[in-house]
Amino acid sequence: MNYQNYFCVAASAMAAAYGFAGLMPAAEAGIAVQGEQATAEYWTARQPEGEKVLLSAEDIQKLNDSLRARNDTLRDLVDFPATLTGQQVKNRIFAAMQDYWPGEKPEDYAGNHILTPAEWEYVRQNCNIDSLSEKVEVQYGVTTQRGDIRLLPTSDGWYSAPNDIHYDNLQGTAIDPAQSVAVLAVSRDGNFYFVQSKDYQGWLAAANVALTDYKTWLNFVEPKDFVVVISNKKKIAGSGGAEELYQMGATIPCIKDSNGRLALQLPSRNAAGRLEIATSPVQLDNTLHKGYLPYSYNNTIRQAFRFLGDVYGWGGQDESVDCSSFVQNVYRSMGIHIPRDADQQEAAMPVNRPFAGLSTTERYNEVKQAKPGTLCFKPGHVMMAIGQNDAGVPMVIHSASSYYDYKVDAQKHYIRQVIVSDLTYQNSQGTQTIDGISSIGSIK
């Protein structure tokens, strides 16, 4: 299994359980809590200091520096080197491939057929590794559309079961428009750039990236003034009228236009592949915020509930979030930058409480004491604690793909949405989630 693609649950097991996506059951209520507990208001009302600002901007900057120091998947692009050796770039490309290189042809499905040797070899060669020079000059790019960062330079999906469409093994993550990337290599066919973003590296369609100079690029890396998307997702029309999709936490540089109005600096890609910037007046509302939201317990809860009911999106597929991008987006809307993948998030948490050796009662006691926003980790999945309900039961909100119910039928049930649940739902071995938690972690 691809370790960086270890977001929430095993894609191969999910798809293979029903043979292919067309036989997957429709999303169901299942373990999802309904009614007032499925509202942000229920949980924010339970926080006596819910609106208290927990960290200043300076504190958050120190926290982000600490998180980067603890986890090498997070990069401060301001300090990214201007040149790399060819071997360094090769090593990055190999790392992004994960278990696809080196190795024999994988037994993945491309559509309804097993990947052929010719298809495999084409994509391997498309990595264009032999063309790398001894010294690689970094190019500077800004994303102009939401795009997929891939393990290999192909837009074709490779799956663990025929005709699957939801769990692409090559899907690393999705990246919003108006984000900076360092461009390190170009695929043989010229259709992909190998990029480093703030939290991921891999192959991104070149058509989604506009190249620019270093100074302009820095304004997108670390803008002086910016607007943050605070809704779960938002479409913003560019200068040409086409709408681009942004997800929660995406930042867009802004300025005051000639009439003194706040205006977004929206990027586009010209025919030569270079960056052009259009200013577009913007009205702040409950979807856009000038600067980051203050970090508080109630803002954490409110931001999490903006995703409630959204489809589960493996690696950012289906224009949505999986478990780890869900919690990452909530935190980045408040300026806190945690790693992209669940296992990396668990390793990076400044405060971490391992659960090994604890009884079920002791585990519940730990989760009951957890503050809203605390992350609860189990192998391949992350959930966000939101508090105890009226009965004293600790509850979580998370982007869930599937669960088992040994009390009813011992079968896998697909839920594929962001839900509120307790911690009694089971895995394939019949183990309740509370007993499968490996640790809980928080940023303070």
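The values are calculated or read from the model by the stated rules, or taken from the named source; none is laboratory data. Given the structure is predicted, the values throughout are model-derived calculations rather than measurements. Positions of Cβ are backbone-derived with ideal geometry, glycine not excepted, and every protein chain shown enters the neighbour counts. Just the protein is used for accessible areas: all its heavy atoms, side chains included, with ligands, DNA and RNA removed. Shrake-Rupley method; radii C 1.70, N 1.55, O 1.52, S 1.80 Å.
Fully extending the segment from H113 to N365 would add 85.8 nm, taking 0.36 nm per residue of separation and subtracting the current Cα-Cα distance. With just the Cα atoms defining each centre, how far is segment 320-377 from segment 242-281? Give it in Å. Answer, in whole Å: 33.
Between S428 and D225, the simple label model (points 7 Å from Cα in the Cβ direction) yields a spacing of 5.4 nm.
Modelled spin-label separation between K407 and L308, with each label point placed 7 Å from Cα along the Cα-to-Cβ direction: 2.2 nm.
In this structure the amide hydrogen of D108, modeled in the peptide plane, comes within under 5 Å of the amide hydrogens of L115, none closer than 5 places in sequence on its chain. Return the lysines within reach of K412: Cα separation strictly under 21 angstrom, same-chain partners fewer than 8 residues apart disregarded; answer none if there are no such residues. Partners within reach: K378. So what's the back-of-envelope 222 nm ellipticity for the chain, counting only DSSP H runs of four-plus at -39500 (n - 2.57) apiece and dividing by all residues, rounded to 500? Taking each H run of at least 4 residues, the total per residue is -6000 deg cm²/dmol.
Between A69 and N286, what's the calculated FRET efficiency when r is the beta-carbon distance and R0 is 41 Å? Round to 0.05. Efficiency computed from Cβ-Cβ geometry: 0.75.
Highest mobility in the GNM of the chain, judged by mean-square fluctuation with C-alpha springs under 10 Å and restricted to I419, I252, I60, is found for I60. Peptide packing: for 288-295, 337-344, 270-277, 424-431, the average count of neighbouring Cβ atoms within 10 Å per residue gives the ranking 337-344, 288-295, 424-431, 270-277, highest mean first.
Can you classify segment 136-282 as rounded, prolate or oblate using the Cα gyration tensor, where a ≥ b ≥ c are the square roots of its eigenvalues, rounded means a/c under 1.5, and otherwise it's prolate if a/b beats b/c and oblate if not? Could you put the intermediate results ahead of the total?
Details: a/c = 2.15, a/b = 1.52, b/c = 1.42.
It comes out prolate by the Cα gyration axes.
Roughly speaking, to the nearest percent, how much of the chain's 1.4 Å accessible area is carbon and sulfur? Write down the numbers at each step before the final one.
Details: 8680 of 18080 Å².
With neighbouring chains kept in place, the figure for the chain is 48 percent.
Reducing segment 60-84 and segment 393-417 to their Cα centroids gives an inter-centroid distance of 36 Å. Here the simple spin-label model places points 7 Å from the Cα toward Cβ, and for T216 and I165 these points are separated by 3.8 nm.
Normalised by the number of residues in the chain, the mean separation of alpha-carbon contacts (under 8 Å, six or more apart) gives a relative contact order of 18 percent.
If you run the Gaussian network model on the chain, springs between alpha carbon atoms under 10 Å, then out of A57, A347, A391 the most flexible one is A391. Here the peptides 132-142, 222-232 are ranked by packing, the mean other Cβ count within 10 Å, and the order with the highest first is 222-232, 132-142.
Which entries in K90/K290; K90/K256; K234/K444 show an alpha-carbon gap greater than 32 Å?
K90/K290; K90/K256
Using a probe of 1.4 angstrom and keeping all protein chains present, the accessible surface of the chain works out to 41 square angstrom per residue.
Pick from T154, T361, T287: which is most flexible by mean-square fluctuation in a GNM of the chain where alpha carbon atoms under 10 Å apart are linked? Result for the chain, Cα springs under 10 Å: T361 fluctuates most.
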